[in-house]
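> Shown below is the structure under consideration.
The values are calculated or read from the model by the stated rules, or taken from the named source; none is laboratory data. All values reported here derive from a predicted model rather than from experimental measurement. A quick note on method: Cβ atoms are made from the backbone with ideal geometry, for glycine too, and the neighbour counts reach across all protein chains shown. Quick note on the areas: whole protein, heavy atoms, side chains included, nothing else; ligands and nucleic acids left out. Shrake-Rupley method; radii C 1.70, N 1.55, O 1.52, S 1.80 Å.
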Amino acid sequence: MKPVYFDNAATTQLREEVIISMRSVMEGNYGNPSSSHSFGRASKALVEQSRKTIASFFNVSASEIIFTSGGTEADNLVLRSAVRDLGIEEIITSKIEHHAVLHTIDALAKEYNVTVKYVKLDLNGSIDLHNLESLLQNTTKKQLVSLMQINNEIGNILDLNTVAEMCETHGALFHTDAVQSVGHYNLDLQEVKIDFLAASAHKFHGPKGVGFAFIRKNTALKPLIFGGEQERGLRAGTESVHNIVGMETALKYAYSNLEKESQYIKNLKQYFIDKIKNTIPEITFNGLSDDINNSAYTLVNVCMPKTLGSASMLQFQLDLKGIACSRGSACQSGSAQVSHVLAEILSDDAIQKPSLRFSFSIYNTKEEVDYVVETLKSFIKA
């Protein structure tokens with residue numbers, strides 16, 4: 001059997017249409033978008049058209065889309081600039097956010113003496129909205145809430161509408177890392193009053209090294225990277241034209257095919273869950289990842305019997321069989337430590353068991369699921 005790639009939450013395969021659009025730009029549009037001659041103007045036109053297209057998917061103004069190198073830079077831009085420029089004194093977040101958020105907040109706490117409060121989680125790893133409400137009340141400090149829309153390890157989905165309404169009621173700013181949801185879920189930012197959002201192209205079959213920050217009008221942020229006046233003065237540096245066009249193309253195809261493709265992946269995830277439960281009942285699911293209606297349709301996180309050894313060894317054994325999956329965020333895959341997400345939500349006994357994340361895309365098949373489940377079954381029987 002050919003290699004099986006079930007690590008789409010880490011990064012995705014480029015669509016053929018994206019490759020074609022990027023190749024066209026690299027071959028024919030090499031002018032610097034900041035140059036005033038015809039070559040530069042042609043490149044600038046592509047960048048601005050991409051900005052308009054991307055903005056249209058979220059019902060926002062093109063001026064509110066700032067191109068970055070990816071989700072990590074977008075998170076850093078928003079969080080650091082909000083503290084430095086907007087006088088944020090207190091940040092409310094959770095202990096299961098991506099490290100692009102958690103490590104940035106840790107640094108801000110040290111550099112600016114920002115107060116950090118962590119909202120409680122329920123047993124499945126979902127945000128305790130009653131606790132969030134209490135953290136937003138009875139304070140004189142200017143607050144920012146940073147909570148991800150979809151957890152990248154267990155797939156739990158945040159109720160963005162409710163959190164946004166809470167923040168608006170209490171005068172707090174709201175930032176969400178939407179890296180796992182953009183391109184997979186519709187989001188109208190006129191309906192949902194989020195102030196800041198981070199996204200990354202390589203999570204929805206676009207190129208690596210490009211993403212964007214949504215920064216709502218009149219928030220008065222200043223740049224994190226200084227130099228030229230690119231990106232409305234908020235992000236210096238020559239724009240990566242071919243990557244930006246590739247991201248636009250990927251997002252176009254993601255949203256034009258969303259209903260069909262999301263249903264296909266959802267069916268594939270359900271097939272994986274059913275196959276595991278019927279074939280290997282010793283395996284359980286972490287978070288809400290086996291709840292098809294209340295978790296991301298793109299991933300599951302499974303907890304294996306302790307007899308299989310460590311997660312890193314199990315992942316290595318699967319790799320030898322041509323199966324790619326992960327222990328959690330790819331950004332910390334080299335670490336021997338247990339996932340910080342699972343460490344927060346699992347019992348002492350469960351945390352000793354190996355857990356792995358399997359994540360799906362339109363390029364996966366039921367035959368691949370069968371192969372993975374049979375391989376896991378053979379490990380347990382061995």
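> Going by the conditions given, is GLN332 closer than 19 Å to ASN151 by Cα, surrounded by fewer than 19 Cβ atoms within 10 Å (Cβ to Cβ) and either at pLDDT 85 or above or out of contact with any strand residue (DSSP E or B) (no Cβ under 6 Å at 6 or more places or on another chain) (or both)?
Against the criterion (closer than 19 Å to ASN151 by Cα, surrounded by fewer than 19 Cβ atoms within 10 Å (Cβ to Cβ) and either at pLDDT 85 or above or out of contact with any strand residue (DSSP E or B) (no Cβ under 6 Å at 6 or more places or on another chain) (or both)), GLN332 qualifies.
> Restricting the search to the stretch 354-382, which residues are within 12 Å of LEU308 (Cβ to Cβ), among the small types (Gly, Ala, Ser) and within 25 Å of the chain's Cα centre (by Cα)?
Across the stretch 354-382, the qualifying residue is only SER355.
> Here are the criteria: (1) over 22 Å from the mean Cα position of the chain (by Cα); (2) among the aromatic types (Phe, Trp, Tyr); (3) open to solvent by less than 10 Å² (accessible area, probe 1.4 Å). Tell me which single one PHE212 does not satisfy.
Just one mismatch for PHE212, condition (1).
> Restricting to the stretch 1-17, name every residue that is surrounded by fewer than 22 Cβ atoms within 10 Å (Cβ to Cβ) and part of a loop (DSSP other than H, G, I, E, B).
Those that are surrounded by fewer than 22 Cβ atoms within 10 Å (Cβ to Cβ) and part of a loop (DSSP other than H, G, I, E, B): MET1, LYS2, PRO3, ALA10, THR11, GLN13, LEU14, ARG15.
> To continue, here is another question. Does ALA107 qualify as being more than 13 Å from GLU344 (Cβ to Cβ) and surrounded by fewer than 21 Cβ atoms within 10 Å (Cβ to Cβ)?
Yes, satisfied.
> Can you tell me which of SER63, SER21 is open to solvent by 40 Å² or more (accessible area, probe 1.4 Å) and part of a helix (DSSP H, G or I)?
SER63
> Same structure, new question: Out of all the residues in the stretch 227-247, which are hydrophobic (A, V, I, L, M, F, W, C), assigned to a helix (DSSP H, G or I) and touching a strand residue (DSSP E or B) at 6+ places or on another chain (Cβ under 8 Å)?
If the condition is that a residue be hydrophobic (A, V, I, L, M, F, W, C), assigned to a helix (DSSP H, G or I) and touching a strand residue (DSSP E or B) at 6+ places or on another chain (Cβ under 8 Å), then ILE244, MET247 are the ones that fit.
> Filter the stretch 36-52 down to residues that are in a helix (DSSP H, G or I), small (Gly, Ala, Ser) and open to solvent by 50 Å² or more (accessible area, probe 1.4 Å) and give me whichever is nearest to ASP195 (Cα to Cα). First the steps, then the outcome.
To start, the set of residues in the stretch 36-52 that are in a helix (DSSP H, G or I) comprises 38-52.
If we keep only those that are small (Gly, Ala, Ser) as well, we get 38, 40, 42-43, 45, 50.
Keeping just the survivors that are open to solvent by 50 Å² or more (accessible area, probe 1.4 Å) gives 38, 45.
Working: SER38: 36, ALA45: 27 Å.
Among those that are in a helix (DSSP H, G or I), small (Gly, Ala, Ser) and open to solvent by 50 Å² or more (accessible area, probe 1.4 Å), it is ALA45.
> Please work out which one of (1) within 17 Å of ASP177 (Cα to Cα); (2) touching a residue at least 24 places away in the same chain (Cβ under 8 Å) is the condition THR115 fails and give its number.
Answer for THR115: the failing condition is (1).
> Moving on to the next point. What is the number of the single condition among (1) over 15 Å from LEU224 (Cα atoms); (2) touching a residue at least 12 places away in the same chain (Cβ under 8 Å); (3) open to solvent by less than 10 Å² (accessible area, probe 1.4 Å) that ALA55 does not meet?
The single condition ALA55 does not satisfy is (2).
> State all residues of the stretch 77-131 that are in a helix (DSSP H, G or I), among the aliphatic types (A, V, I, L, M) and out of contact with any Ser or Thr (no Cβ under 9 Å at 6 or more places or on another chain); if no residue qualifies, say none.
Listed by number, the residues that qualify are VAL83, ALA107, LEU108.
> If you don't mind, there's one more thing I want to ask. Exactly one condition in (1) open to solvent by less than 20 Å² (accessible area, probe 1.4 Å); (2) in contact with a helix residue (DSSP H, G or I) (Cβ under 6 Å, 6 or more places away or on another chain); (3) under 21 Å from HIS202 (Cβ atoms); (4) not in a helix (DSSP H, G or I) is not met by PRO33; state its number.
Here PRO33 clears every test but (3).
> Would you pick out the residues in the stretch 128-151 that are open to solvent by less than 10 Å² (accessible area, probe 1.4 Å) and within 21 Å of the chain's Cα centre (by Cα)?
Residues satisfying the conditions are LEU144, VAL145, SER146, LEU147, ILE150, ASN151.
> May I pose another question? Against the condition assigned to a loop (DSSP other than H, G, I, E, B) and open to solvent by 50 Å² or more (accessible area, probe 1.4 Å), how does GLU165 come out, does it pass? If you could, list the steps in order and put the result at the bottom.
Values: assigned to a loop (DSSP other than H, G, I, E, B): no; open to solvent by 50 Å² or more (accessible area, probe 1.4 Å): yes.
No.
> Out of curiosity, is ASP349 within 24 Å of the chain's Cα centre (by Cα), without any contact (Cβ under 8 Å) to a residue 40 or more places away in the chain and surrounded by fewer than 21 Cβ atoms within 10 Å (Cβ to Cβ)? Can you show your working first?
Working: within 24 Å of the chain's Cα centre (by Cα): no; without any contact (Cβ under 8 Å) to a residue 40 or more places away in the chain: yes; surrounded by fewer than 21 Cβ atoms within 10 Å (Cβ to Cβ): yes.
So ASP349 does not fit the description; no.
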